[in-house]
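Visitor: Before I ask anything, here is the structure I am working with.
The values are calculated or read from the model by the stated rules, or taken from the named source; none is laboratory data. Quick caveat: nothing in here was measured; it's all calculated off a predicted structure. Just the protein is used for accessible areas: all its heavy atoms, side chains included, with ligands, DNA and RNA removed. Shrake-Rupley method; radii C 1.70, N 1.55, O 1.52, S 1.80 Å.
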Amino acid sequence: MKASELLSTKYEFLIVGNSHVGGMYQREQALACELAKHGYRVKFIEEIPSLAANIRRIIRKIFLKYSIDEDNNNQVISENLDILQPPSVPTIYRNSMIPFVDRMIFRKWFKKKFNEQDWSKTIMIITFPYIWNGFINRQMAPAKVIITDYCDINEVSCKSNWALKRTIKGEELLKKDVALVTYSAFSMQNEIKTKYPNVESVCIPNATYNEFIKSITNKNLKKHKKRKNIGYIGSTDIRWFDENLLIEAIRSYPDCDFTLCAPLSKKLYSELKKYNNVAKLGFSRHIDIAKVLSDVDIGLIPFMQNRITNAVNPLKLYEYCAAGIPTVAMWTKELNHYKEYVYLAKDTDEFISLITLALSEESIEKYNKRKRFAEENTWEARVQILIEKLSYIVNKSDTLTNCTL
């Protein structure tokens with residue numbers, strides 16, 4: 001049954017995101033685009049820009065060539081999708097007292113922007129609980145259904161302990177208002193159940209999308225290559241990305257080329273300059289990553305093993321599988337769910353040895369299996385799960401309302 005047959009397109013979605021559409025392609029952007037494709041009107045509120053963030057963006061653009069270029073348009077255009085950017089707020093540090101002013105500025109903008117919103121037909125998705133602590137509340141946004149979506153644990157989004165405390169307070173407030181909790185990693189289930197014991201929840205893992213899969217040409221299968229190409233795409237945040245592990249891989253395979261489609265810090269860029277076999281592409285538009293993967297033989301996920309990575313469902317896994325290529329990753333609790341599609345290492349030595357195994361792989365059966373996995377795990381399929389759950393919640397709510405009347 002189509003999504004629109006389960007939940008009428010009279011409903012609109014208001015997604016309060018935690019990202020900028022010009023930056024790295026994020027889960028909430030994918031959900032917004034896919035909901036719009038299904039015929040729903042979607043308003044996507046970008047992360048609230050701060051003075052500090054704007055200054056950092058300018059510094060990166062001038063001095064850090066390979067960092068994220070947030071003027072680079074990652075947006076998938078849809079006639080049903082509106083991208084809204086809040087006004088900049090004066091915060092300099094997230095542990096300052098300025099967020100009080102931030103909240104006043106955002107509330108004023110929000111009320112003005114949605115004064116005529118039909119909240120009885122609005123489904124609201126909150127991607128960062130911080131926003132529910134003084135920025136928005138149920139009185140300001142009396143949506144039909146409020147959802148909170150977790151793609152990471154809170155520590156990833158919080159730059160300081162002060163912000164983390166505010167986020168935890170936001171979670172406490174959300175418990176009173178949220179009707180559905182969605183989360184990306186199976187390993188987060190127990191934590192979600194503990195935080196929201198009396199709220200409906202469902203795991204909606206990350207995914208890829210059909211256009212991305214179709215745009216990969218897989219040139220690596222069409223010719224014998226003298227030098228193999230090892231790729232990495234995604235973030236290089238030192239809280240979860242193991243720079244030393246990547247360097248060790250590069251050093252161990254001088255006869256292979258390495259393609260890094262990732263924003264690079266000044267330190268990491270300087271270190272990589274020592275190696276002639278590394279192509280540093282820096283930040284790239286998401287759709288352009290498909291072209292990169294067309295010529296990559298294996299993909300890497302050089303994660304650290306910690307609390308953050310154990311709760312990460314990596315987008316790059318689906319993108320590597322979309323290309324049909326082997327993936328070598330450090331073992332995490334979450335990636336263990338996908339062990340039939342990825343080579344998992346327990347330590348550095350095993351990680352390096354598994355690269356050799358992956359490079360020697362010539363199995364068309366495994367290639368096709370990974371492609372099928374990507375084709376079965378698209379954002380279209382994920383939105384179908386979301387709509388099915390929402391349909392149940394909306395119908396239950398309507399039934400209770402009618403009984404009361």
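Visitor: Given contacts defined as C-alpha pairs under 8 Å and at least six residues apart, what's the relative contact order of region 247-405, whole-number percent?
Guide: 17 percent.
Visitor: In percent, what relative contact order does region 1-44 have, based on Cα pairs under 8 Å that are 6 or more apart in sequence?
Guide: 52 percent
Visitor: For Glu375, what accessible area in Å² do you get when you roll a 1.4 Å probe over the heavy atoms of the protein chains, rounding to the nearest 10?
Guide: 100 Å²
Visitor: Can you match Cα extents along the principal axes in Å to one of these, (1) 77, 54, 49; (2) 74, 43, 43; (3) 72, 49, 39, based on a calculation from the structure here?
Guide: Label of the calculated value: (3).
Visitor: May I have the pair-distance distribution P(r) for region 159-265, computed from all Cα-Cα distances with 5 Å bins from 0 and rounded to whole percent?
Guide: Answer for region 159-265: a P(r) of 2, 8, 11, 13, 14, 14, 12, 10, 8, 5, 3, 1, 0 percent.
Visitor: Taking only C-alpha pairs under 8 Å that are 6+ residues apart, what is the relative contact order of the chain in percent?
Guide: This gives 16 percent for the chain.
Visitor: How large is the helix-only mean residue ellipticity at 222 nm for the chain, computed as the sum of -39500 (n - 2.57) over DSSP H runs with n ≥ 4, divided by its residue count, in deg cm²/dmol to the nearest 500?
Guide: Estimated from H runs of four or more residues: -11500 deg cm²/dmol.
Visitor: Over the C-alpha atoms of region 111-202, what are the Rg and the largest Cα-to-Cα span, Dmax, in Å?
Guide: When restricted to Cα atoms, region 111-202 yields Rg and Dmax of 13.4, 40 Å.
Visitor: Carbon and sulfur together cover what percent of the accessible area of region 125-165 at a 1.4 Å probe radius?
Guide: 51 percent
Visitor: What is region 343-396 by shape, rounded, prolate or oblate, if you read a ≥ b ≥ c off the alpha carbon gyration tensor as root eigenvalues and call it rounded for a/c under 1.5, prolate for a/b larger than b/c, and oblate otherwise?
Guide: Because a/c hits 1.5 or more and a/b fails to exceed b/c, region 343-396 counts as oblate.
Visitor: A further question follows. Could you pull the Rg and Dmax for region 109-165, using just the Cα atoms, both in Å?
Guide: 13.0, 37
Visitor: Please label the shape of region 216-293 as rounded, prolate or oblate, based on the square roots a ≥ b ≥ c of the eigenvalues of the alpha-carbon gyration tensor (a/c under 1.5 means rounded; beyond that, a/b larger than b/c means prolate, else oblate).
Guide: Verdict is oblate for region 216-293.
Visitor: At 1.4 Å probe size, with no ligands or nucleic acids counted, give the accessible surface of Met304 in Å², nearest ten.
Guide: Solvent-accessible area, nearest 10 Å²: 70 Å².
Visitor: Quick check of the Kirkwood formula: for region 140-193, what is the inverse mean of 1/r over all pairs of different Cα atoms, in Å?
Guide: That comes to 12.3 Å for region 140-193.
Visitor: Show me, for region 154-164, the HN-Hα J-couplings you get by feeding each phi into the Karplus relation (A = 6.51, B = -1.76, C = 1.60, θ = phi - 60°), rounded to Hz, glycine and proline as x.
Guide: For region 154-164, the Karplus curve yields 4, 4, 5, 7, 9, 8, 8, 5, 5, 5, 5 Hz.
Visitor: While we're here: Take the chain, connect every pair of alpha-carbon atoms lying under 10 Å apart with a spring to form a Gaussian network, then pick out the residue of Lys159, Lys112, Lys169 with the largest mean-square fluctuation.
Guide: Of Lys159, Lys112, Lys169, the most mobile in the Gaussian network model is Lys112.
Visitor: Taking the Cα atoms only, what angle lies between the long axis of helix 348-360 and the longest principal axis of the chain, rounded to 10 degrees?
Guide: In the chain, helix 348-360 runs at an angle near 70 degrees to the longest axis.
Visitor: Lysines within cross-link reach of Lys316: Cα-Cα under 18 Å, excluding same-chain residues under 8 positions apart?
Guide: Hits, sequence-local ones excluded: Lys214, Lys280, Lys291, Lys333, Lys339, Lys366, Lys369, Lys371.
Visitor: OK, next. Give the cross-link partners of Lys274 among the lysines, using a straight C-alpha distance below 20 Å as the criterion and excluding same-chain residues fewer than 8 apart.
Guide: Lys65, Lys228, Lys266
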